[in-house]
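The values are calculated or read from the model by the stated rules, or taken from the named source; none is laboratory data. Since the structure is predicted, the reported quantities are computational estimates derived from the model, not experimental observations. Cβ placement follows ideal geometry from the backbone for every residue including glycine, while neighbour counts extend to all protein chains displayed. Only protein heavy atoms, including side chains, enter the accessible area calculation; ligands, DNA and RNA are left aside. Shrake-Rupley method; radii C 1.70, N 1.55, O 1.52, S 1.80 Å.
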Amino acid sequence: MADKYNAVEIEKKWQAKWEADKLYAVTEDSPKPKWYALTMFPYTSGDLHIGHWYAMAPSDVHARFKRLQGFNVLHPMGFDAFGLPAENAAIKRGIHPYKWTMANIENMRRQLKSMGAIYDWDREVITCGPEYYKWTQWFFIKLFEHDLAYRGKAPVNWCPQCQVVLANEQVIAGKCWRCDSEVIKRDLEQWLFRITKYADELMEHKDIDWPERIKIMQRNWVGKSYGTEISFALDHPGIEEKEIRVFTTRPDTIFGVTFMVLAPEHPLVTKLVTPDKKAQVNEYIARTRKFTEIERLSTEKEKDGVFTGAYAINRLTGEKVPIWIADYVLASYGFGAVMGVPAHDERDFAFAKKYGVPIRLVIAPPDWKDGELEQAYIEPGKMVNSAQFNGLDNDKGIDAIATYLETKGWGKKTVSYKMRDWLISRQRYWGAPIPMIYCDKCGIVPVPESDLPVLLPEDADFSHKGESPLKYNEKWVNTACPKCGGPGKRETDTIDGFMCSSWYFLRYCSPDYSQAAFDPEKIKYWMPVDIYTGGAEHAVMHLLYARFFTKALRDMGLIDFGEPFTKLFNQGIIIAQHEKMSKSKGNVVNPDEYVNKLGADTVRAYMMFIGPWEQGGEWFDTGISGVSRWLNRVWNLALEDYQPHATDENARRELERITHQTIKKVTGDMDRLRFNTMIAALMELTNYLSRLKETNPVSASNWRSSIETLLLLIAPTAPHMTEELWHRLGHNQSIHNQSWPKWDEALAKEEEITLVVQVNGKLRDRISVPVSITEDDAKHLARDSEKVKTHLEGKQIVKVIYVPGKLVNIVVR
């Protein structure tokens, strides 16, 4: 009997050995082709739950597979360490955010090491370290110098619970993405990145292998629309403005405009509102500020508004058009104004019905007879009630009216985008300080590079709700202007943590490089990332920001590529008790418990066997127990004594064929990240070897070769156990420095035999079939033979006789 498999003891042994030998240290002087495999780094929440393992263990398995295939693999790990949760947790516990964060990192690093991944810990990146955020600040200054960072007053998403500004992407269904509180609007001076400059590029995904749903989400977020800018005349006493401009994709409906809507935040509202409507308008504006943009645009929200008492003039008809305000119009999109065409827009139709606004048909449905519309007509049709454009197909009318407006100077063809610039100011302490100084004489002045990093002061007062604690640290705030030497004040906002994660993949290439954010030569060697894995929830935050950041650095001449991640793969989620894991539900699975009991290799294998990686699956203790039994069987097969009986050539060929078929299957599944079917194939090979050992019909060398192949195929999944077994079989070198097995297509091919097919004992066909064909498959093939079918027509099959490996006789009458 073999020694008992003691997973915990073996894993500690080999983790220590690998670390001492620097087995997974990575350099750039390898003759092998590079492979940069990256998993989204974790936020420093304190503990890794099984969901983290589900993101990280399979990606490590694939990285190990590429290493065995002969690639020089960089598969680094680090920590996303700035951000609001750490600050809030530290305030709650009365300790400094740095201490809280670093204690969490220490625990999470321990957990990650217990996984047995091939992370080169010498390349670890921690975003809250001054050696890292020095370069985050340097990048900020570079963006400022290239007019990609600017300061402006804007309505912002404000979380009253977190007391922080949120980017649009961080508001989920009207709630804060962190604490799930309702988000409101506030006006603040903010720093923004000009991400909109790259809107068109961000909609393109050329030469990158990304999931289609992520590409669609990003394109929708950018929201490019081709349309027409139209001017409506204003003749309002006491104001200078002589027009209101709107953007529309439907200029063909301009003759159907019966009202106009301004966003409540539109600067003209306070100028246009008549005295008798002022109180009602002000009340509506105040109420609107309680809703987020997402809530305001919700299709479920009833459309409402208030008439301002003012009118615009439709230049094409000369008609006065009443001006309303309504919260479904956003100041941040287009011009913050829309023309209301109730006959041909569902939202406008509902609004007009509610407030008794006229509804004028200008695109006629087929066979239209005069009457009242029961709903907005949004399909193609002929233009009516549209002066000289009557009778035109409306799709042609779009261009015709746009051209007419251009000739009259009343409008122009243009493009609009939904995406707004990236708001990066945060009124919090725990983030990289924005490296800007305000001087009464010189204005906004960047901190000189020689003075970076602008360090966070260790003393911070967190009692000032809604404002940065840095604002009240006078010793830190007051400084000298770098230009004139006069008195200056530091910017007290900190940088959105998403900026820190927009370039961390570049820092991994040379984490100790002190002359710049990264070593240009090492960037040329490693970048772009070959495969990036992580959650789909980052589609319009991290992934979009990282792409913007990369393109901006390219245009600055700092790098020579425009896409950071060549291939993207999104894993699913692990659920427990039929629900997504959460602490509040009490269903979070702690991997430490299972690692200490069954071993990391078992947890890793179960993670991949639980279901397709892109879909996820449900955690069951019974399931992980089954995987544990499988690994124990592999252990015993490898170590138990094998004494061949009389060798059988057919058995040898079958063993050879099944082994090569498994190599082919596992390799293909690994390439496609189909880990669950890969594990199933390895289990099938294990079962086959177990049955073979009952009769020992092959030579000891044949047996050993198949066992070693099995271990090599399992090595990425169960690195500790296979390393132990490899050495016990007499090898001195690590199994992880070996070469991935290769299959021979000829050897993997099923052997074939000729099957005779008879009908009532008479030969009707001969068919070639695999030697391993089952009885059911043989009978089906026989009945489906074209030569046999003619002898079965109109007859009843009485029975089918099967002689394995020889014939099928179909008896009919």
Exercise. When the accessible area of segment 276-342 is split by element with a 1.4 Å probe, what percent falls to carbon and sulfur?
Worked result: 52
Exercise. Using a 1.4 Å probe, what is the accessible area per residue for segment 747-798, in Å²?
Worked result: 65
Problem set entry | Neighbour net charge for Lys580 - beta-carbon separation under 13 angstrom, K R +1, D E -1 | -1
Problem set entry | Helix axis angle, 700-714 relative to the chain longest principal axis, alpha carbon, degrees | 10
Exercise. Quick one: net charge of His96's neighbours, Cβ under 13 Å, K/R +1, D/E -1?
Worked result: -1
Exercise. Roughly to the nearest percent, how much of the accessible area of segment 547-605 is carbon and sulfur, given a 1.4 Å probe?
Worked result: 49
Exercise. Can you pull the percent of segment 185-260's accessible area that's carbon plus sulfur, 1.4 Å probe, other chains left in place?
Worked result: 47
Problem set entry | Residue-averaged 222 nm ellipticity for the chain, from DSSP H runs of 4+ at -39500 (n - 2.57), nearest 500 | -11000 deg cm²/dmol
For this session: Measure off 7 Å from each Cα along the Cα-to-Cβ vector at Asp776 and Ala651, then give the distance between these two points in nanometres to one decimal.
Result: 2.9
Exercise. Which entry in [x] 45, 38, 22; [y] 61, 41, 22; [z] 45, 34, 26 is this structure's computed semi-axes √(5λ) of the Cα gyration tensor in Å?
Worked result: [y]
Exercise. Within a Cβ distance under 14 Å of Arg691, other residues only, what is the Lys/Arg minus Asp/Glu net charge?
Worked result: -2
Problem set entry | Helix 600-609 axis, angle to the chain major axis (alpha carbon atoms, nearest 10°) | 70
Problem set entry | Whether segment 330-479 is rounded, prolate or oblate, judged on the alpha carbon gyration tensor where a/c under 1.5 counts as rounded | prolate
Exercise. Does anyone have the angle between helix 649-671 and the longest principal axis of the chain? Alpha-carbon axes, 0 to 90°, nearest 10?
Worked result: 10
Problem set entry | In segment 330-433, the trypsin sites (Lys or Arg not before Pro) that fall in loop regions by DSSP, at most 13 other Cβ within 10 Å | Lys369
Seminar exercise, completed: The set of residues whose placed amide H lies less than 5 Å from the amide H of Gly78, leaving out same-chain residues fewer than 5 positions away, is Val125
For this session: Indicate, rounded to the nearest 5 percent, the antiparallel portion of the DSSP beta bridges found entirely in the chain.
Result: 75
Seminar exercise, completed: In segment 578-615, the trypsin sites (Lys or Arg not before Pro) that sit in a DSSP loop and have at most 13 other Cβ atoms within 10 Å of their own Cβ are Lys583, Lys585
Exercise. Excluding ligands, DNA and RNA, what is the solvent-accessible area per residue of segment 479-589 at a probe of 1.4 Å, expressed in Å²?
Worked result: 37
Exercise. Where in segment 749-813 are there GluC sites (Glu not before Pro) that are in a DSSP coil and have at most 13 other Cβ atoms within 10 angstrom of their Cβ?
Worked result: Glu750, Glu751, Glu793
Seminar exercise, completed: Any residue on another chain or 5+ positions along whose placed amide H is under 5 Å from the amide H of Leu568 is listed here as Asp209, Trp210, Tyr532
